[in-house]
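S.K.: The structure's right below; bear with me while I get my questions together.
The values are calculated or read from the model by the stated rules, or taken from the named source; none is laboratory data. From a predicted model like this one, the values you see are computed outputs, not experimental measurements. Here the Cβ positions follow ideal geometry from the backbone for every residue, glycine too, while neighbour counts run over all protein chains shown. These accessible areas exclude ligands, DNA and RNA; they are computed on the full protein's heavy atoms, side chains included. Shrake-Rupley method; radii C 1.70, N 1.55, O 1.52, S 1.80 Å.
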Amino acid sequence: MSDRQTVPELMDDTDVVDLLLRQHALIRDLFDEVEEAPAADRAEAFRRLVRMLAVHETAEEEIVHPYARRKLDGGDSVVDDRLAEENEAKQLLMQMDKAGPGDPQFMTNLALLRAAVLSHARSEERYEFTQLRAHTSAAERRAMAAGVKAAEALAPTHPHPGTESATKNLLVGTPVAIMDRARDVIRQVMDNKHG
Ligand SMILES: [Fe+2]
Ligand SMILES: [Fe+2]
């Protein structure tokens, strides 16, 4: 039914900034899907959104923000502001996940979460990613993309038959559990790259 290009496996970006911009667009689509889902499908649509958000924000926190902190003009304050935004959204996400999509406040909270997440994404694009692109080489952006892709593989939004069972076990649990799992995978990939 959906003709959107929201299958992360199809993403072949090798530039970390391109990859993160694609994920921002994907997150926007996943919010649409939760909003438009009939009540019976809402929980599964929300699961996909939670997974993608957890994986995306964890990848930024592990890979991109530390780099931006070191390399950007005023990097500390740019990154501190982004982390504060991410934290605020994360608190709301955890609260919503706990209450579940049957909660009477769910759609109201979803609208709040959407506004917070998308405004955060715009700030990243404006204050962080533009500078990041200017201050890094293509090789550095490719190296960072590897970690983001490894994390993304944990969050197929519309899994192909056969791959679903492999990823299913990785991705149950609370947003915090998913973030922990993503962090482990990212650290393994990034450590290997550094020898
Ligand atoms: Fe972020
Ligand atoms: Fe982001």
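S.K.: How much area per residue is accessible in region 1-137 when the probe is 1.4 Å and only protein heavy atoms are counted (Å²)?
M.R.: 48
S.K.: Kindly state, to the nearest 0.05, the FRET efficiency for ALA153 paired with ASP73, given R0 = 45 Å and r defined as their beta-carbon distance.
M.R.: 0.85
S.K.: For LYS71, which aspartates and glutamates qualify as cross-link partners when the Cα separation must be under 13 Å and same-chain residues fewer than eight apart are set aside?
M.R.: Straight-distance partners of LYS71: GLU128, GLU140.
S.K.: I would also like to ask the following. Could you work out what % of the accessible surface of region 79-135 is carbon and sulfur, using a 1.4 angstrom probe and leaving DNA, RNA and ligands out of the count?
M.R.: Working: 1590 of 3020 Å².
Of all accessible area on region 79-135, carbon and sulfur atoms account for 53 percent.
S.K.: In whole Hz and in residue order, list the ³J(HN,Hα) couplings for region 33-49 that follow from phi through the Karplus curve 6.51 cos²θ - 1.76 cosθ + 1.60, θ = phi - 60°; x for Gly and Pro.
M.R.: So the J values, rounded to whole Hz, are 5, 5, 4, 8, 5, x, 3, 5, 9, 5, 4, 5, 4, 5, 4, 4, 5.
S.K.: ALA177 to LEU92: extension gain in nm, 0.36 nm per residue of separation minus the Cα-Cα distance?
M.R.: Taking ALA177 through LEU92 to full extension adds about 29.0 nm, to one decimal.
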